[in-house]
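Take a look at the structure below.
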Amino acid sequence: MSVASINQFSPVTRKTLAVGLLVLSLLLIWNVILSPLFASIGASLTELDDARFQRERLERLEARPAPVAAEVLPAEIVFRVDDPETAVSQFDGYFANLASGAGLQILSTEPRVGKTGSKLLQIDFAVQGREEKVMRFINLAEKTMPIIRFKDWTIQAVDPASGEVQFSGQALAGWAKP
């Protein structure tokens, strides 16, 4: 379409065509330039808000007073002995007393000290008895001092008719020098 052919249209048609071309060019400018620009500005403002929040958080953390030095563990929650071998021996005896006191049969125990430098004691164990007695034993072991926690444990039915179950897993306790 040339300029001469546009002049053949009526003035209303030419104005309508001009307005249409103007609207098309404005939509093109919006989609190509303004919309991505606004999205980029929005993302930048979000990043700025996040950075300000992080800075304020770090300033608040920095302004807090230094934590008080940790106190030594209370003597009653860990085995207090001079060496890990004595600690593991005491733990084994303590565990056996708790199990037999609860009326359980001890099938196996393998006590050991944790990794070098560790203050953790561990017993791989298997005990058997009536379900109620096993539950009582677990409750007693986790509530008395020194504290014992069970890890990777299972309870399996041995004789469902009599309620006999086998409780096996790892018992953990801590030790410290007196």
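FYI, it's all coordinate maths here, none of it is from the lab. Given the structure is predicted, the values throughout are model-derived calculations rather than measurements. As a convention, Cβ positions derive from the backbone with ideal geometry for all residues, glycine included, and neighbour counts pool all protein chains shown.
Expressed as an acute angle from 0 to 90° and rounded to the nearest 10, what is the orientation of the C-alpha long axis of helix 35-63 relative to the principal long axis of the chain?
Value to nearest ten degrees: 30.
If I model a spin label as a point 7 Å beyond the Cα along the Cα-Cβ vector, how far apart are those points for VAL12 and ILE155 in nm?
Result for the modelled spin labels: 9.0 nm.
Among all the lysines, which ones have a C-alpha under 26 Å from LYS151's C-alpha, if same-chain residues fewer than 8 places away are not counted?
Within the straight-line cut-off, LYS151 pairs with LYS115, LYS119, LYS133, LYS143, LYS177.
Could you check the simple spin-label distance between ALA66 and GLN170, using points 7 Å along Cα→Cβ, in nm with one decimal?
Between ALA66 and GLN170, the label points sit 3.6 nm apart.
Within 11 Å, Cβ to Cβ, of GLY174, how many net charges do the neighbouring residues add up to if Lys/Arg are +1 and Asp/Glu are -1? If you can, show how the numbers build up before the last one.
Values: positive: ARG80, LYS119, ARG149; negative: none.
Spelling it out: positives minus negatives among the neighbours equals +3.
For every helix of n ≥ 4 consecutive DSSP H residues, a contribution of -39,500 (n - 2.57) applies; sum these over the chain, divide by its total residues, and give [θ] at 222 nm rounded to the nearest 500 deg cm²/dmol.
Theoretical 222 nm ellipticity from helices: -15500 deg cm²/dmol.
Enter the angle in degrees (range 0 to 90, nearest 10) between the Cα long axis of helix 131-143 and the first principal axis of the Cα atoms of the chain, meaning the one along which they spread out most.
80 degrees
Roughly how many Å is it from the Cα centre of the range 122-178 to that of the range 41-64, as a whole number?
Value for the Cα centre distance between the two parts: 49 Å.
Between helix 84-101 and the chain, what is the angle of the helix's C-alpha long axis to the longest principal axis, kept within 0 to 90° and rounded to the nearest 10?
Tilt of helix 84-101: around 80 degrees.
Could you calculate the FRET efficiency of LEU140 with ASP82 from 1/(1 + (r/R0)^6), where r is the beta carbon distance between them and R0 is 41 Å, rounded to 0.05?
Efficiency, from the Cβ-Cβ distance: 0.90.
State, to one decimal in nm, how far the label point of GLU132 lies from the label point of LEU26, with both points 7 Å from Cα in the Cβ direction.
Taking the two extended label points, one gets 8.6 nm.
Can you give the FRET efficiency to the nearest 0.05 for LEU120 and ASP49, using r as the Cβ-Cβ distance and R₀ = 30 Å?
0.10
Counting alpha carbon pairs within less than 8 Å and at least 6 residues apart, what relative contact order, in whole percent, applies to the chain?
20 percent
Mind telling me which of ARG112, ARG55, ARG149 comes out most flexible in a GNM of the chain, alpha-carbon contacts under 10 Å?
ARG55
Name the shape class, rounded, prolate or oblate, that the alpha-carbon gyration tensor gives for the chain, where a ≥ b ≥ c are the square roots of its eigenvalues, rounded holds for a/c under 1.5, and otherwise prolate holds if a/b is larger than b/c and oblate otherwise.
It comes out prolate by the Cα gyration axes.
Dipole size in debye (nearest 20) for the chain around its Cα centre, Lys and Arg Cβ +1, Asp and Glu Cβ -1?
It works out to roughly 960 debye.
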